[in-house]
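Below is one structure, written out as structure tokens; the observations come after it.
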Amino acid sequence: MQFFDSLGAYRPQALAVLRIIAALLFIEHGTMKLFGFPAAMGEGALPPLMLIAALLEVVGGALLVSGLFTRPVAFILAGQMAVAYFMAHASKGFWPALNGGEPAILFCFIFLYLVCAGPGAWALDKR
């Protein structure tokens, strides 16, 4: 259909919206671990791997929001999500809908897409 074909002109902006929204949601996971905001994830000091994950989520997410170093950051974060899935979810069962691993899988593949597609519009990488 001609209408849907014409939407291709907005591909860079749509890619940027995907990058920004995914990154903001990703940052939220880090802030929950580091600052207990918007909700706390456990109590006490974070184990070292969780601290590393939280820092990657906040710093990597902020870099993706701004579109700075998009491809290498997205590659690192995709790897983090693959590791998170296999360490925290896969052992709870095969089906992601039942083992709680759907967000990790979605983030992983969104980040892999960003590695290939780049940042889209509105990115510091473009400057």
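For residue 20, the stated conditions hold: it is under 22 Å from residue 127 (Cβ atoms) and crowded, with 16+ Cβ neighbours inside 10 Å.
Of all the numbered requirements in (1) within 24 Å of residue 17 (Cβ to Cβ); (2) surrounded by fewer than 19 Cβ atoms within 10 Å (Cβ to Cβ); (3) in contact with an Asp or Glu (Cβ under 8 Å, 6 or more places away or on another chain); (4) without any contact (Cβ under 8 Å) to a residue 60 or more places away in the chain, residue 118 misses one, and that requirement is (4).
Each row is one residue, and each column tells you yes or no for (1) buried (at least 16 other Cβ atoms within 10 Å of the Cβ); (2) among the small types (Gly, Ala, Ser); (3) modelled with pLDDT of 95 or more.
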residue: 53; (1), (2), (3): yes, yes, yes
residue: 67; (1), (2), (3): yes, yes, yes
residue: 74; (1), (2), (3): yes, yes, yes
residue: 87; (1), (2), (3): no, no, yes
residue: 101; (1), (2), (3): yes, yes, yes
residue: 110; (1), (2), (3): yes, no, yes
residue: 127; (1), (2), (3): no, no, no
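Among the candidates 22, 14, the residue that is at pLDDT 95 or above and under 20 Å from residue 81 (Cβ atoms) is uniquely 22. Taken over the stretch 31-51, the criterion of being among the aliphatic types (A, V, I, L, M) and loosely packed, with under 13 Cβ neighbours inside 10 Å is satisfied by 39, 40, 45, 49.
The values are calculated or read from the model by the stated rules, or taken from the named source; none is laboratory data. Source: prediction; values computed, not measured. Every residue, glycine as well, gets a Cβ built from its backbone with ideal geometry; the counts of neighbours run over all protein chains shown.
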